[in-house]
Amino acid sequence: MNLRILYDNEAKVGWGEGEGLKSDWGFSCLVEAEGRKGEKVLFDTGASAEILSHNLRKLGIKREEIEIIALSHEHWDHVGGLETVLHENVVVYLPRSFTRAAKRKIEEQAAGVEVVEVSGPAEIVPGVHTTGELETGTAGLKEQSLVLEATSGKGGEGVVVLTGCAHPGLENILEAAGRFGEVYGVVGGFHGFDRLELLAGLELVVPCHCTVRKQEILERFPKKTAWCGAGVTVEV
Ligand SMILES: [Zn+2]
Ligand SMILES: [Zn+2]
């Protein structure tokens, strides 16, 4: 399974795939579950439709290829680019706690779009699960993370967690993800997570987006971490 970072506070520079992508505050990641139904699951959409569509174009990804979109939480830097990836055959998984106005807006933006409200842990497509909406400590705001069954062999039978901002606390998300298998990795925004010692037991750590201690995590765990930015692909 490949995770392709489409939108991040930083972007890869250089030549080859991923070159020429724009960076911006926000997060979006494409999950490519090869050979499985619902092959491409888009997790979050960044802040700007213009930047997301620029980055998709640069990578040669058409929105019609994306059949499923999962939104972690209702913050502008995760839902802002949604309009550019909506089309009539897409299913949008969002936490049930999303405001009614936001749900209505999605349904109005594209005829035929199906909205699925997530509350508890569930399978989205084979190999891709949601933790369900978790409390964040901010009234009314809940967040879901994805839990992916590794297929590359690197993680054995384990799972990799994909987070948006990790507002519920990364330690709580990792615990919730444990129901789907042994957690061997985590990719995404960790926000203010500071119990770095908990990362020592993982095999793959890719701190993205809003991770306050990104640099420190990269330096402390050089063998298990990878730098995150738009254009980066992580194989799990
Ligand atoms: Zn957020
Ligand atoms: Zn964020």
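The values are calculated or read from the model by the stated rules, or taken from the named source; none is laboratory data. All of these numbers come straight from a predicted model, not from anything done at the bench. In this analysis, Cβ positions are derived from the backbone assuming ideal geometry, glycine residues included, and neighbour counts consider all displayed protein chains.
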Quiz item: Only one of (1) of a type outside the set (Asp, Glu); (2) touching a His at 6+ places or on another chain (Cβ under 8 Å); (3) more than 16 Å from residue 4 (Cα to Cα) is not met by residue 45, so which one is it?
Solution: (3)
Quiz item: residue 124 passes all but one of (1) of a type in the set (A, V, I, L, M); (2) touching a residue at least 60 places away in the same chain (Cβ under 8 Å); (3) within 16 Å of ligand 1 (Cβ to nearest atom); which number fails?
Solution: (3)
Practice problem: Name the one entry in 132, 140 that is within 19 Å of residue 165 (Cα to Cα), at pLDDT 95 or above, assigned to a loop (DSSP other than H, G, I, E, B) and small (Gly, Ala, Ser). | Solution: 132
Quiz item: Out of the residues in the range 134-150 that are farther than 15 Å from residue 182 by Cβ and away from ligand 2 (no atom under 16 Å from the Cβ), which is surrounded by the fewest Cβ atoms within 10 Å (Cβ to Cβ)?
Solution: 139
Practice problem: Could you check how many residues of the range 198-225 are within 25 Å of residue 20 (Cα to Cα), in contact with a helix residue (DSSP H, G or I) (Cβ under 9 Å, 6 or more places away or on another chain) and surrounded by fewer than 17 Cβ atoms within 10 Å (Cβ to Cβ)? | Solution: 0
Quiz item: Do we find that residue 192 is within 14 Å of the chain's Cα centre (by Cα) and farther than 18 Å from residue 24 by Cα in this structure?
Solution: no
Quiz item: How many of the residues in the range 46-77 are closer than 12 Å to residue 24 by Cβ and either within 16 Å of ligand 2 (Cβ to nearest atom) or at pLDDT below 95 (or both)?
Solution: 7
Self-check item: Selection within the range 165-210 - in contact with a strand residue (DSSP E or B) (Cβ under 6 Å, 6 or more places away or on another chain), within 16 Å of ligand 1 (Cβ to nearest atom) and of a type outside the set (A, V, I, L, M, F, W, C)
Solution: 167, 168, 188, 189, 209
